[in-house]
Structures are given as structure tokens and as C-alpha cells.
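FYI, it's all coordinate maths here, none of it is from the lab. It should be emphasised that the depicted structure is a prediction, and the values quoted were computed from it without experimental measurement. In this analysis, Cβ positions are derived from the backbone assuming ideal geometry, glycine residues included, and neighbour counts consider all displayed protein chains.
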């Protein structure tokens, strides 16, 4: 008996640890992002700037405050504007599991290679979810914008999120510009949730059949009595 109790305790603890691991994995933020780079029709676009190359490892980045990111802007780089469109609301609760984010950054230089780190956050705390490939800014051109189509897969509970974009000089790895909810209202209080929270509600209908207070066994017993009486 004691051995059986010990085995049951071990199995119970193993099941608990597996369930905790499953929950931890499900809560890990996962985002799928498609990148689209616009480029002006210039001969200089053929210069030897490396493109579509991952510049930084997302796993090496940490949560940051907006104050940390807003205090290091460079006078030779800035964001012109950012636009966002929400999509994907399967449960019709007004919170979306996907969004398209387009932004246009400019520079005082004729051209400059850069990349962007994109964050989602609340209460001025931001967690990075994507690092773009390297792209080129061409002065103040409006034809060099970047479009990111993001699908939140897991790890983002239903809520209102702010978006922050950090611009990095690819040549020097220096932070040069930031745009966020404080400088652009389009990036504030976006109603989002990941797909694991965007589940349509389905109601289950259970139909029960009753045979009165007798029930089926009572009816069988009554039928048996009738048969016995007929035999007699």
C-alpha cells in the first residue's frame, strides 16, 4: 500500500510539472511578421548597402521603459509618421489579433542604412517583438516607408497596447530615433489580443430524455410484472 501511494504521488507531481510547462510555453509571446520595404526609383538605390539581412537578435533584447528610449534621439534621424490598421477579430469582442504597421523615417544624410526594433507595451513598459531587416533611408523621401504585417499568435492577453518603434543606425549600432504613443496618437491604446485569446464563443446544448419518475428501470420492472401475470 505504501509503495502504491508513493507511485501515485510521483505520477501526480509529474503531471503537475508537465501542465505547468505547457502553460509556460503557451504564454510565451509569439508574433509572425511579414516585411514590405518601399524604395524610391533612384540609381543610388543600387548602392552596396546590405538589405534584407537580420541585424540584431531579438532574444538578446530586453524590456525597456519609454523614458529610456526617448532620451537618445539623434538630430540627423527622425520619424515622419506612422500608421496602423487592425484586422482579425474572430470572437467579435472589439480586440484584434493582427495589425499592419507602416512608418516613414527620414534622415539628414543623402542615404543611410538603418533597421527598426518594434515594441508592444503597457504603462510605458515595452517588450520587443520584432527586429526588421536592414533598409535604406533616402533623405526625406516619402517613398522609403516600411510596412509590417503582424499576427499575434500567443502570449498577449486581451487589452489596450501601445506601440513603440526604435530606429537604429546599421553602420554604428547607435539608437537614433523613436516614435511612440507620446509622439503619435495612432500608436496608443490599440485594442489587441493574441490568437489564443481570440477564440469564438461556442455554446454546447445538452438534450436529456426522461421517462417520468419511473425511469427506464421502473418501466422494465412494470413490463416484467405484466408478463408474469399473463403466464399465471
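For the pair residue 38 and residue 109, the difference between a 0.36 nm per residue extended length and the Cα-Cα distance amounts to 23.7 nm. Counting neighbouring Cβ atoms within 10 Å and putting the fewest first, the residues 78, 83 line up as 83, 78. The residues 145, 188, 62, when put in order of fewest to most other Cβ atoms within 10 Å, stand as 62, 188, 145. If R0 equals 45 Å, the separation of the Cβ atoms of residue 60 and residue 201 corresponds to a calculated FRET efficiency of about 0.70. If the chain linking residue 160 and residue 173 were pulled fully straight, counting 0.36 nm for each residue of separation and taking away their Cα-Cα distance, it would gain 1.6 nm.
Relative to the current alpha-carbon distance between residue 143 and residue 81, full extension at 0.36 nm per residue lengthens the span by 21.1 nm.
The fraction of all Cα pairs in region 29-192 landing in successive 5 Å bins from 0 to the largest distance is 2, 9, 19, 23, 21, 14, 8, 4, 1, 0, given as whole percents.
Provide 149, 67, 193 in ascending order of the number of other Cβ atoms located within 10 Å of each residue's Cβ, fewest first.
67, 149, 193
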